[in-house]
Each structure stands twice: as C-alpha cells, then as structure tokens.
Amino acid sequence: MSTAASRNLEIFDNPSPKRDYLIHMEIPEFTCLCPLTGQPDFATLILDYIPDEKNVELKALKLYMWSFRSEGHFHEDITNRILDDLVKAVNPRFMRLEARWWVRGGIYTTVRAEHRKEGWKPAESIDIPSFPGNSPMRSI
C-alpha cells in the first residue's frame, strides 16, 4: 500500500457480520482549506459506525483523509462528502461523522451527519453501572 494521499477507501470483510458492534475512531489532524480565504482549517473528526458486511481499512482511511489537505471546502460540505464516501465504500448499518472545527474568527463549529441503513433497527441500549475501584483504567 502506498503512503501517498489517496481517495481509494480500501475495505475488508467484517469478521463478525452477525453482531452489531461499534467502531469508534478519532482523527485529530484533519485539515483542508477555507474555500474563501485559502487559509487552513483544522478539525478533529469523530467517526462511529456499526458495520454490516465490510469494514474500512485504517491506513487507507488515513491516506483518504490526507487527500483533502490542499482543497478548499466548507465545513458542512466536507463533513457530508466524507460521510457519503464512507457509506458508499462500506455500506454500514449505521454511521455518524462529527467534525469539530477549531476556532476561526472566534467561532467553533461542529457538524454532525448520520446514515442509517434502511430497515436496520439498533438493539436496545444496556446501561451498566460503574463501581468505585472497578475502573478499566485501574492498575492491576
């Protein structure tokens, strides 16, 4: 696989297609350009998805994200475009992309876009209480 920026979103077979499970990714170094000023815009992208038959390969995702660095895009446009590209590539049961844009002119912007596969219904959420001393971060 190349290390050059690319719009090629490589995928692989979901190893557990019968189960709903959440994949959570944080992409803290997303950059593109303001289409009006040409100045750089910086965002942290938060991607959550429940795969169906396919998953996105992480290095390909990183190279895809790099491909926008020298292009001008409005925040709303690029968030929805990335979501559309990812949905087209992996056809997930559910996908949410949240773009948290760094301050520009005293304004922080957050854009959130979602996709739900037709007919998919999420399983009921289960609330598991935490107990003092049972933190997953506690040392063993």
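The values are calculated or read from the model by the stated rules, or taken from the named source; none is laboratory data. Computed from a predicted structure; not experimentally measured. Here the Cβ positions follow ideal geometry from the backbone for every residue, glycine too, while neighbour counts run over all protein chains shown. Protein only, heavy atoms only, side chains kept; ligands, DNA and RNA dropped before computing areas. Shrake-Rupley method; radii C 1.70, N 1.55, O 1.52, S 1.80 Å.
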Open item on the list: Which count do you get for residues in the range 66-82 that are open to solvent by less than 10 Å² (accessible area, probe 1.4 Å) and not in a loop (DSSP other than H, G, I, E, B)?
Closed with: 3
- [ ] Pull up the range 1-14, narrow it to residues that are within 13 Å of Leu58 (Cβ to Cβ) and part of a loop (DSSP other than H, G, I, E, B), then point me to the one that is least open to solvent (accessible area, probe 1.4 Å).
- [x] Leu9
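A quick yes/no check of all residues on (1) surrounded by 10 or more Cβ atoms within 10 Å (Cβ to Cβ); (2) closer than 14 Å to Asp48 by Cα:
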{"site": "Phe94", "(1), (2)": "yes, yes"}
{"site": "Glu98", "(1), (2)": "yes, yes"}
{"site": "Trp101", "(1), (2)": "yes, no"}
{"site": "Gly105", "(1), (2)": "no, no"}
{"site": "Tyr108", "(1), (2)": "no, no"}
{"site": "Ala113", "(1), (2)": "yes, yes"}
{"site": "Ile128", "(1), (2)": "no, no"}
Task: Hits in the range 40-56 - residues which are loosely packed, with under 15 Cβ neighbours inside 10 Å and assigned to a strand (DSSP E or B) - done: Pro40, Phe42
- [ ] Inspect all residues belonging to the range 23-36 and state whether any of them is in contact with a Cys (Cβ under 9 Å, 6 or more places away or on another chain) and touching a residue at least 24 places away in the same chain (Cβ under 8 Å).
- [x] no
Task: Given (1) crowded, with 17+ Cβ neighbours inside 10 Å; (2) not in a loop (DSSP other than H, G, I, E, B), number of the condition Lys59 does not satisfy - done: (1)
Task: Residues of the range 15-39 satisfying the condition of being open to solvent by 70 Å² or more (accessible area, probe 1.4 Å) and assigned to a strand (DSSP E or B) - done: His24, Glu26, Pro28, Glu29
